Structures are given as C-alpha cells and as structure tokens.
C-alpha cells in the first residue's frame with residue numbers, strides 16, 4: 001500500500017513573481033487517512049495541492065507519492081495514482097459532452113469500450129449525475145459542473161484523491177451526497193476547504209496552514225475547539241460548534 005502514501009519534506013515554492021507561498025512544509029499522509037487542509041485565503045492550500053500530482057514542482061524540498069519522488073520523469077505514474085479535482089471545474093471540463101469528459105481518462109488508460117462505459121456510468125452514478133451524461137458541460141450549473149468534475153476523476157479509480165473546495169457551489173442535498181460518497185472512499189483523501197462543517201463530518205485529521213507554514217496538525221475535533229488557534233489563522237469554529245444564536249442570546 002506504499003503507493004497510497006504522501007510525504008512532504010521541507011517543501012518550498014515561489015511563483016515567478018517572487019511571491020513565496022510555501023515555506024518549509026512537512027507532513028505525511030498514510031494509507032486510508034482522510035485529511036483536511038484549512039486556512040485563510042492565500043495560506044497556500046491550493047498551491048500545496050498542485051504539488052501532489054506535479055502540476056507544480058518544488059522550488060526546494062521533496063514530494064513523494066509512495067516510493068516515487070514527484071519529478072518530470074515520474075509524472076505519468078504519479079498522475080495515475082493521484083486524482084486531483086481543481087477548485088474551478090471549468091479547468092477540467094473541455095469535451096463536447098459530459099460522457100466524453102468522464103470517459104477521457106479511462107480511454108487514455110487504454111481500457112476497452114465496455115470497460116470505459118462501465119467506469120463512466122459508475123462514476124456518474126456515484127455523484128448523482130447520470131442524467132447529465134448527454135449534456136454539454138458549458139450548459140451546466142456550477143454545482144452540476146462540480147459533480148461532473150468529481151466523476152471525471154473517480155472514473156480513473158485513483159489510489160489517492162485530492163480535492164480543492166469540493167463542496168463549493170453545491171446545494172445542500174448534493175453536498176450531503178458528496179460527503180456520504182467520500183466516506184466510502186477507502187484510500188487516502190486530502191481536501192482543501194473552507195467548509196469546516198464538512199471537515200468535521202469527513203476528516204479525523206486537520207492541517208492548518210498560515211502564511212505558507214503549518215500552524216497546527218492534529219485531531220480535527222481538538223483543532224476546531226481551539227478558538228485562539230482558529231482566530232489567529234482567520235478561521236471560525238464550524239457552525240455546529242458555535243451554538244444557536246437564538247438560544248444563547250439571553
């Protein structure tokens with residue numbers, strides 16, 4: 001199961017304009033862990049996620065997926081292991097029809113047409129989007145695009161699933177379906193999100209980023225109860241832990 005492990009060792013990354021976003025990040029995610037990355041806008045969450053499958057490569061330090069360092073030479077193998085769902089689904093959807101978008105990855109893996117169809121329909125069913133299969137992606141709502149983008153990655157059966165703001169633009173019912181789906185994912189899962197109630201539902205472990213560094217890494221319940229830590233990182237307690245404003249107003 002070593003290919004389900006992510007190791008980040010003293011990772012630094014700067015954008016071409018000189019803005020250093022990641023400043024010595026180190027942590028390890030083992031097989032089957034569900035881990036949340038939280039932090040204010042600009043803390044480095046999305047930049048960190050893009051390192052996991054080589055969309056960005058380190059300025060210094062090391063990223064390993066199982067036994068493989070993430071380098072230009074290993075990208076093909078790394079990207080078959082790590083499924084990355086971008087923050088903006090328009091970055092992933094580019095085919096004429098939803099079915100074609102979800103089938104694109106399996107086709108490129110060399111699966112037979114029958115195998116591709118099975119993978120596509122299972123992935124669409126998992127996110128409640130079978131009825132969208134013959135629709136053009138650019139005619140979908142934001143939440144529908146999000147569901148299809150998730151299906152496009154699930155169709156590849158990744159060993160590690162990495163998601164950037166997966167609940168963004170989802171209606172409450174679809175958000176709950178997504179949470180229940182991700183609970184069944186048996187491999188390693190990393191989610192960057194501002195949806196701290198989703199984190200409580202899904203991720204036993206939380207890593208808090210602040211200005212490109214790790215401010216905390218530990219059990220989610222303990223971190224969400226630490227108001228001083230959350231405040232220092234421009235975060236607030238999840239809504240369900242804040243108490244009812246009506247009941248507490250008196």
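By the count of other C-beta atoms within 10 Å, a proxy for reagent exposure, 27, 52, 86 are ordered fewest to most as 27, 86, 52. Taking 1.002 mPa s as the viscosity and 20 °C as the temperature, the Stokes-Einstein diffusion coefficient of segment 1-86 based on its alpha-carbon Kirkwood radius rounds to 162 µm²/s.
Listed from fewest to most Cβ neighbours within 10 Å, the set 237, 173 follows the order 173, 237.
Within segment 38-180, the percentage of alpha carbon pairs spaced more than 17 angstrom apart rounds to 62%. For the options 214, 150, 85, a Gaussian network treatment of the chain with springs between C-alpha atoms closer than 10 Å singles out 214 as fluctuating the most. Here the convex hull built on the C-alpha positions of segment 78-131 has a volume of 100 cubic angstrom per residue. How many angstrom separate the Cα center of segment 11-80 from the Cα center of segment 175-250? Centre-to-centre distance over Cα atoms comes out at 21 Å. Applying the Kirkwood pairwise sum to the alpha-carbon positions of the chain produces a hydrodynamic radius of 18.9 angstrom. Solvent-free Debye calculation, one equal scatterer per alpha-carbon of segment 101-250: log10 I(q)/I(0) at 0.12 Å⁻¹ equals -0.61. Considering Cα pairs under 8 angstrom that are at least six residues apart, work out the relative contact order of segment 2-248 and quote it in whole percent. Averaging sequence separation for qualifying contacts and normalising by length gives 25 percent for segment 2-248. Exposure proxy ranking for 29, 102, 162, 130, based on other Cβ atoms within 10 angstrom of each Cβ and starting from the fewest, stands as 130, 29, 162, 102.
Rg and Dmax of segment 173-223, based on Cα coordinates, read 11.9, 34 Å. Note on the chain: with a GNM built from Cα contacts shorter than 10 Å, the maximum mean-square fluctuation among 119, 92, 20 falls on 20.
Here, each number is a calculation from the coordinates, and none is a lab measurement. Remember, predicted model here, so these are calculated numbers, not experimental data. Quick reminder, even Gly has a Cβ in these numbers, built from the backbone with ideal geometry, and neighbours come from all protein chains shown.
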